[in-house]
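J.: Right, I'll just put the structure down here and ask away after.
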Amino acid sequence: MGSNVHWFTQGTAFVTPVHDTYPFISSYSHETLAGISALITGSSRGIGLQTAVHFAKAGCSKIAIAARSSLSDARLAVEKAAAEYGTTINILTLDLDVSSTEQTDAAAAEVKRAFGHLDILINNAGHLSEFQSIGESDPYAWWKSWETNIHGTYLCIRSFLPLLLDSARPTVINVSSAGAQVINPGASAYQGSKFALCRLTEFLDAEYGKRGLVAIALNPGGVVTSLALGMPEHMMTLLKDTVELSADTMVWLCMERREWLSGRFVTATWNMEELAKRREEIVGKDLLKFRMAFE
C-alpha cells in the first residue's frame, strides 16, 4: 500500500490538481490544429470519442476514428462539432481490432491513401480485465489486457510509424492510467500493462526522438467510461474527472511540439500551465520516468 500512498500524496500533487477543463487548455481556436491529420483508436465512445470531437473543434482537418464497435454515431458527433466550429474536415472511419497485425497494417494503408501521412497517433484503445488475484485469475481474461493495452499499442505504432515519420511534427500519445503508478491487489493485468506502456513510450523516444517523434504516456484521469465501470465498486469514488479534461489536455499536448515531455508520463489532472513552468526542472532532472530508487 506504500506505493499507492506515495503516488496519491506526491504524484497527484506534482502541480495543482484539476478535475475539469480550464481556460489554459480549452481556449483554442478552430485553427489550432488546422491542416493536421490524426488517428484516434478506441474512438467509438468515451475518451476516444470526446478527443475526436475536441480535435474537430480545434480545426483538425483530417481525423481517422477507429474501433471494433460501430462508429456511425461517433462520425456524426465529429461532423457536428466540425460544422459548429467551421472546420472543413475529412473523416475516415476504420473498423479496427488493434491486436491484429493484418488489421493495423490495412488501416495504415487506408490512412496513407486518405491523408498521405499522419501527424498524430493517439493510442486510446484499452481493456480492463476483471480484478482477480493472480492465482485465481483466468489466463485468457488476464492476457486480454496485455493483448490490447500493450500488443495492440505496439502494433499500431509499428504499422503507423512510417506515416508518422513522414510528418514534420509526429506525435504519439499512449493513453496510460494512474494505475500504472500503483498496486491494487487483483489489478495485475490492467495496472501491469499500463506500467509497461510507459516504458514502451520511453523506448519510442529513445529510438525515434532524434527523428522528430514526440511520444507521451498520458493518464487521462478518473473518467466515468464503460471500461472504468468494470473496476470494483469501492474504487468508483476515484472517477471524479470530466472527459472534457482529458480531451482538452490531448489537444493542448498536440497543438505544438512538446519535446520536453517526450518519453515521460503526464496526467491530465495536473494543471498544464504550472507544468509548463517546470519545464527546465523536468528536463534537467529527467523527471516523470520510471526509475529504481536506491535510497
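J.: Would you tally the net charge around Thr171, using a Cβ to Cβ cut-off of less than 9 Å, leaving Thr171 out, and scoring K and R as +1, D and E as -1? Present the calculation step by step, with values, prior to reporting the outcome.
T.: Numbers: positive: Arg169, Arg257, Arg258; negative: Asp119.
Its environment carries a net charge of +2.
J.: A further question follows. Which helices pass in the chain if a helix is a full DSSP H run, must span at least 27 angstrom along its long axis by Cα, and must have mean Kyte-Doolittle hydropathy not below -1.0?
T.: On the way: long enough: 188-208 (29 Å, -0.13).
Answer set is 188-208.
J.: Would you grab the residues whose amide H sits under 5 Å from the one on Leu118? Only those 5+ places off in sequence or on another chain, please, with H modelled 1.01 Å from N.
T.: Leu164, Asp166, Ser167
J.: Right, here's the next one. Order by neighbour count: Met255, Met250, Met292, fewest other Cβ atoms within 10 Å first, most last.
T.: Listing Met255, Met250, Met292 from fewest to most nearby Cβ atoms yields Met292, Met255, Met250.
J.: With the chain treated as a Gaussian network of Cα nodes joined by springs under 10 Å, which of Ser176, Ser27, Ser145 yields the largest mean-square fluctuation?
T.: Evaluated over the chain, the most mobile residue of the options is Ser27.
J.: Further question on the same structure: With the crude spin-label approximation of a point 7 Å out along Cα→Cβ, what separation in nm comes out for Glu274 versus His19?
T.: Distance between the two pseudo-spin positions: 1.5 nm.
J.: Out of residues 5 or more away from Ala64 or on other chains, whose amide H comes under 5 Å of its own, with H placed 1.01 Å from N in the peptide plane?
T.: Those qualifying (amide H under 5 Å, at least 5 residues apart or on another chain) are Ala38, Leu39, Ile40, Leu92.
J.: Moving on. Which residue fluctuates most in the GNM of the chain (Cα springs below 10 Å): Leu204, Leu213, Leu94?
T.: Of Leu204, Leu213, Leu94, the most mobile in the Gaussian network model is Leu204.
J.: Please list the non-local residues whose amide H lies under 5 Å from the amide H of Thr267, H modeled 1.01 Å from N, same-chain partners needing a gap of 5 or more.
T.: Asn219
J.: Taking 26 Å as the cut-off for C-alpha to C-alpha distance, list the pairs among Lys57/Lys285; Lys112/Lys210; Lys57/Lys112; Lys194/Lys285; Lys210/Lys277 that go past it.
T.: Values: Lys57/Lys285 36 Å; Lys112/Lys210 23 Å; Lys57/Lys112 23 Å; Lys194/Lys285 24 Å; Lys210/Lys277 24 Å.
Violating the 26 Å limit, Cα to Cα: Lys57/Lys285.
J.: Anyone know which of Asn149, Asn124, Asn90 comes out most mobile in the 10 Å Cα GNM of the chain?
T.: Largest GNM mean-square fluctuation: Asn90.
J.: Counting Lys +1, Arg +1, Asp -1, Glu -1, what net charge surrounds Leu96 among other residues with beta carbon under 13 Å of its beta carbon?
T.: Details: positive: Arg68; negative: Asp95, Asp97, Glu102, Asp105, Glu110.
Summing Lys/Arg as +1 and Asp/Glu as -1 gives -4.
J.: I would also like to ask the following. Would you order Glu281, Glu110 from fewest to most other beta-carbon atoms within 10 Å of each residue's own beta-carbon? Kindly include the intermediate steps, with their values, before the conclusion.
T.: Working: Glu281 9, Glu110 15.
Result, fewest neighbours first: Glu281, Glu110.
Since every read-out is calculated from the coordinates, none of them should be taken as a lab result. Given the structure is predicted, the values throughout are model-derived calculations rather than measurements. Glycine also receives a Cβ, built like all others from the backbone with ideal geometry; neighbour counts cover every protein chain displayed.
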